[in-house]
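Chemist: Take a look at this one; I'll ask things after.
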Amino acid sequence: MSKSMHKTPMLDQLESGPWPSFVTGLKRLATDEGKQYQDTMVDLLGQLELSYNTRKGYWKGGTLSVFGYGGGIIPRFSEVADQFPASKEFHTLRIMPPAGMHYNTKILRQLCDIWEKHGSGLIAFHGQSGDIMFQGATSEKVQESFDEINELGFDLGGAGPAVRTGMSCVGAARCEQSCANEQKILRLLVNNFLDDMHRPALPYKFKFKVSGCSNDCMNSIQRSDMSIIGTWRDDMNVDQQEVKAFVGQKGRKYVIDNVITRCPTKALSLNDDDTLAVDNPNCVRCMHCINVMTKALSPGDDKGVTILIGGKRTLKIGDTMGTVVVPFMKLDTEEAYEELKELAETIIDFFADNALEHERTGEMIERIGLANFIKAIGLDVDPNMISNPRESSYLRIDDWDKEAAKWNDRKAA
Ligand code: SF4
């Protein structure tokens with residue numbers, strides 16, 4: 001006979017909105033008759049309700065790992081285990097996803113089976129860190145579940161002051177705009193820095209993210225210390241027949257309002273015969289026109305990557321965007337990939353030697369000066385290096401709920 005559910009009026013409210021609620025998922029697991037995790041989920045809901053009532057979190061960290069690894073497990077011990085004993089340990093295993101997050105359903109089922117057997121049944125695809133988050137293991141079950149996940153070919157991701165789990169966009173497998181082999185770049189970097197991922201020894205975290213084009217679906221400019229983005233350096237491809245068809249379908253006004261005038265560098269003009277003129281040297285590869293006219297426009301043929309360093313979310317000095325340190329690198333030979341790897345090694349070595357404790361690369365560069373950093377990693381200054389590709393990733397509004405209410409009122413008026 002399993003435990004009876006705690007009363008959870010606060011959590012119940014979260015299910016009343018228009019969107020699916022995580023509370024419903026937790027309740028489903030808590031009513032999974034006969035499963036080994038059922039009581040854990042009942043007490044987890046109880047603890048969560050207590051947190052909502054007292055506005056306090058009751059998880060504390062600790063030290064926990066699996067053999068041979070120094071990171072990758074996030075320990076969670078409950079401070080209110082006397083009230084909720086079944087969820088007194090609720091650790092998370094960070095597991096690296098495959099590049100581009102490509103899975104087949106067989107693997108997904110196997111992962112779910114392992115977690116239903118050893119853990120709470122609760123898996124997040126994917127957490128903020130990019131990992132698959134297997135949440136809710138007891139200390140005793142951590143090694144056993146990792147061994148089985150590892151048997152399937154998956155490895156632990158990074159945690160703490162280490163190279164973190166890398167991410168790449170879905171890439172050429174499903175996206176026609178891809179200008180680089182994202183999967184290969186990510187695997188190359190991850191495999192090369194596995195030691196730095198599994199044994200945290202850096203001043204602070206270091207993240208790689210790879211996007212196949214400057215749509216930057218991985219948000220790598222904002223969210224990674226080393227961002228690798230596919231781009232092209234010749235002229236973009238224009239199919240004038242498709243341009244005409246698009247103008248014929250949408251009308252000249254639409255194209256002028258939504259494509260031509262939205263080019264940030266005014267590199268586009270619409271000819272009288274409904275063809276498109278592109279001033280390629282002035283195009284900054286923002287992808288907007290290509291995104292709108294997908295049949296007519298596509299990236300050029302001379303493809304490669306741009307490398308940016310130092311992006312991160314707010315920490316000591318506010319948000320930083322990655323700075324372009326390599327405007328264009330052609331990745332068409334194994335030697336070129338080797339060069340990319342060596343550049344990453346140089347940057348991480350410099351970061352390890354020179355960053356202060358708890359300081360990201362962007363902050364280190366701000367402190368020591370961009371010119372010194374560029375010199376130290378052995379790159380020649382190039383006018384195409386851009387220190388601030390964009391101004392800000394987000395608008396910060398502290399009283400956002402009040403602002404949202406005002407916005408709703410304005411909309412309704
Ligand atoms: Fe202009 Fe962006 Fe199109 Fe280049 S990609 S032509 S910058 S809209």
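The values are calculated or read from the model by the stated rules, or taken from the named source; none is laboratory data. It should be emphasised that the depicted structure is a prediction, and the values quoted were computed from it without experimental measurement. No Cβ is skipped: glycine too gets one built from the backbone with ideal geometry, and neighbour counts run over all protein chains shown. When the accessible area is computed, the model is the full protein with side chains, heavy atoms only, and any ligands, DNA or RNA have been set aside. Shrake-Rupley method; radii C 1.70, N 1.55, O 1.52, S 1.80 Å.
Chemist: What do you get when you divide the Cα radius of gyration of the range 156-246 by 2.2 N^0.38 Å, with N the number of residues?
Modeler: 1.35
Chemist: Right, next: If I take the Cα coordinates of the range 192-301 and project them onto the principal axes, what are the three extents in Å, biggest first?
Modeler: Its Cα atoms span 62, 25, 24 Å along the three principal axes.
Chemist: Students often forget the sequence filter, so: which lysines lie under 21 Å Cα-Cα from Lys106 once same-chain residues fewer than 8 apart are removed?
Modeler: Lys117
Chemist: Which entries of Lys312/Lys375; Lys7/Lys88; Lys60/Lys341 have Cα-Cα distances beyond 26 Å here?
Modeler: Checking Cα-Cα distances, Lys60/Lys341 exceed 26 Å.
Chemist: Give the list, by residue number, of cysteines in the chain with no other Cys Cβ closer than 4.7 Å, or say none.
Modeler: Cys112, Cys175, Cys179, Cys213, Cys263, Cys283, Cys286, Cys289
Chemist: Could you work out the equivalent-ellipsoid semi-axes for the range 287-373, taking the square root of 5 times each eigenvalue of the Cα gyration tensor, largest first, in whole Å?
Modeler: Over the Cα atoms of the range 287-373, the semi-axes work out to 30, 19, 9 Å.
Chemist: Amide H of Val326 versus every other amide H placed in the peptide plane: which residues, excluding those fewer than 5 positions away on the same chain, fall under 5 Å?
Modeler: When sequence neighbours closer than 5 places are left aside, the close amide H contacts are Ile307.
Chemist: Compute the angle between helix 139-151 and the longest alpha-carbon principal axis of the chain, please, reported from 0 to 90 degrees and rounded to the nearest 10.
Modeler: Long axis of 139-151 versus the principal axis of the chain: about 40 degrees.
Chemist: Ignoring ligands, DNA and RNA, what percent of the accessible area of the chain is carbon or sulfur (1.4 Å)?
Modeler: 49
Chemist: What spacing in nm lies between the two simple spin-label points modelled at Ser387 and Thr346, each 7 Å away from Cα in the Cβ direction?
Modeler: Here the answer is 2.1 nm between the modelled labels.
Chemist: Excluding ligands, DNA and RNA, what is the solvent-accessible area per residue of the chain at a probe of 1.4 Å, expressed in Å²?
Modeler: 52
Chemist: What are the aspartates and glutamates whose alpha-carbon lies under 19 Å from the alpha-carbon of Lys406, with same-chain residues fewer than 8 places away excluded?
Modeler: Straight-distance partners of Lys406: Asp398.
Chemist: To make sure I understand the rule: partners must be lysines, Cα under 25 Å from the Cα of Lys295, and not fewer than 8 residues away in the same chain. Which ones qualify?
Modeler: The qualifying lysines are Lys244, Lys250, Lys253, Lys266, Lys303.
Chemist: Using the Cβ atoms and a cut-off under 11 Å, what net charge is assigned to the surroundings of Ala180, where Lys and Arg are +1 and Asp and Glu are -1?
Modeler: Result for the local shell: +1.
Chemist: Taking only DSSP H segments of four or more residues, each worth -39500 (n - 2.57), what value at 222 nm results for the chain once the sum is divided by all its residues, to the nearest 500 deg cm²/dmol?
Modeler: -10500 deg cm²/dmol
Chemist: Still on this model: Tell me the Kirkwood radius of the chain: reciprocal of the mean inverse pair distance over distinct alpha-carbon atoms, in Å.
Modeler: 24.2
Chemist: Additional query: How far, in degrees from 0 to 90, does helix 182-192 lean away from the longest principal axis of the Cα atoms of the chain, to the nearest 10?
Modeler: The angle comes out near 60 degrees.
Chemist: Now for a separate question. In the range 132-233, what GluC sites (Glu not before Pro) fall in a loop by DSSP, with at most 15 other Cβ atoms inside 10 Å?
Modeler: Listed in order of number, the matching sites are Glu176.
Chemist: When Rg is the radius of gyration of the Cα atoms in the range 107-183 and Rh is its Kirkwood radius, what does Rg/Rh come to?
Modeler: My calculation of the ratio gives 1.04.
Chemist: Then there's this: Using DSSP to define loop residues, name the trypsin sites (Lys or Arg not before Pro) in the range 215-305 whose beta-carbon has at most 14 other beta-carbon atoms within 10 Å.
Modeler: Here the sparse-neighbourhood loop sites are Arg262, Lys266, Lys295.
Chemist: A follow-up question, please. For the chain, what's the relative contact order in percent, using C-alpha pairs closer than 8 Å and at least 6 residues apart?
Modeler: It comes to 11 percent, rounded to a whole number.
Chemist: For the range 5-78, state which trypsin sites (Lys or Arg not before Pro) are in a DSSP loop and have at most 12 other beta carbons lying within 10 Å of their beta carbon.
Modeler: Lys7, Arg55, Lys56
Chemist: Please express the shape of the range 1-152 as an equivalent ellipsoid: the semi-axes are the square roots of 5 times the eigenvalues of the C-alpha gyration tensor, given largest first in whole angstrom.
Modeler: Output for the range 1-152: semi-axes of 25, 18, 15 Å.
Chemist: Kindly provide the pair-distance distribution of the range 237-298 built from C-alpha pairs, with 5 Å bins from 0 and whole-percent values in order of increasing distance.
Modeler: Answer for the range 237-298: a P(r) of 4, 20, 35, 29, 10, 1 percent.
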